[in-house]
Amino acid sequence: MTVPLVDAQGIGRRFGRRTVLSDVGFQLLPGEVFGVVGPDGAGKSTLLQILSGILRPSFGECRVLGEDVRRHAERIQARVGYMSQGFSLYDRLSVAENIAFAAKIRDVPASAYAIRKRRLLDMAGLERFEARREAALSGGMRKKLALCANLIHEPPLLVLDEPSLGVDPLSRRELWRMLEAAKAAGRSIIFATSYMDEADASDR
């Protein structure tokens, strides 16, 4: 029997008196790409933050990578690759420094780091920009760098909050090529989007 990477049952979230997410349940199996589709304000970001161990659900049960999101959120955070909607890297650090930092906090072995970094930068088309500060990159390049930083520790699960929001069409295609390569390498992916053409890229 295949063990799901995500097993959510009736989860929801309340902020004060306002319920922003209610009765969400699904399972994600290894190798699947799962799309969360909806307009702004639908609760997509809240759901993804629960699955990444950033927020606790107000009700319901959820296990991610075998861990309870309430009891072992830090274990989930250490193993998931979570990419937020905005630009989340350090704008004063260079491309190379941001990736090195991401690798260090995720305990990537030194023996594997150089090979992984080279492969990811090549895939993202950022190999010529290693010395450039993150703040000096275009929006699309910043998103690709963020994805590199979230792939450097080779997580079994990627959680992406509208990864192509605010990027140019070319960068959008390149981002999705990187995600297709991640799926081909055995990663499972959950992503939020308000674009129906992106939703078509999901298995469910």
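The values are calculated or read from the model by the stated rules, or taken from the named source; none is laboratory data. Quantities reported herein were computed from a predicted structural model and do not represent experimental measurements. Every residue, glycine among them, receives a Cβ derived from its backbone with ideal geometry; neighbour counts consider all protein chains shown. Surface accessibility is based on the protein's heavy atoms, side chains included, excluding ligands, DNA and RNA. Shrake-Rupley method; radii C 1.70, N 1.55, O 1.52, S 1.80 Å.
Worth a mention:
- Solvent exposure ordering (accessible area, 1.4 Å, most first) of 83, 141: 141, 83
- Selection from 155, 94, 24 lying farthest towards where the dipole of the chain points positive, charges on Cβ: 94
- Each residue of the range 131-146 was assigned a 3J(HN,Hα) from its phi angle through the Karplus expression (A = 6.51, B = -1.76, C = 1.60, θ = phi - 60°), giving 8, 7, 5, 4, 5, 8, 7, 6, x, x, 5, 5, 5, 5, 5, 4 Hz with x at Gly and Pro.
- Carbon + sulfur, % of accessible area of the chain - ligands and nucleic acids excluded, 1.4 Å: 50
- Using R0 = 22 Å, the C-beta based FRET efficiency linking residue 75 and residue 104 works out to 0.75.
- Dividing the helix sum by the residues of the chain, where each DSSP H run of 4 or more adds -39500 (n - 2.57), gives a mean residue ellipticity at 222 nm of -11000 deg cm²/dmol.
- Note on residue 104: aspartates and glutamates with a C-alpha under 19 Å away, same-chain residues under 8 apart excluded, are 74, 91, 130, 134, 154.
- Rolling a 1.4 angstrom probe over the protein heavy atoms with all chains in place gives the range 67-204 an accessible area of 49 Å² per residue.
- Local charge for residue 108 was computed over the other residues whose Cβ lies under 12 Å away, with Lys and Arg +1 and Asp and Glu -1, and equals +2.
- Using alpha-carbon coordinates, inclination of helix 169-184 to the longest axis of the chain, degrees: 70
- Value of D in µm² per second that Stokes-Einstein yields for the chain, Kirkwood Rh from Cα pairs, at 10 °C (1.306 mPa s): 91
- Think of each Lys and Arg Cβ as +1 and each Asp and Glu Cβ as -1; about the Cα centre, that makes the dipole of the chain roughly 520 debye.
- Distance from the C-alpha centroid of the range 1-59 to that of the range 171-204: 18 Å, rounded to the whole angstrom.
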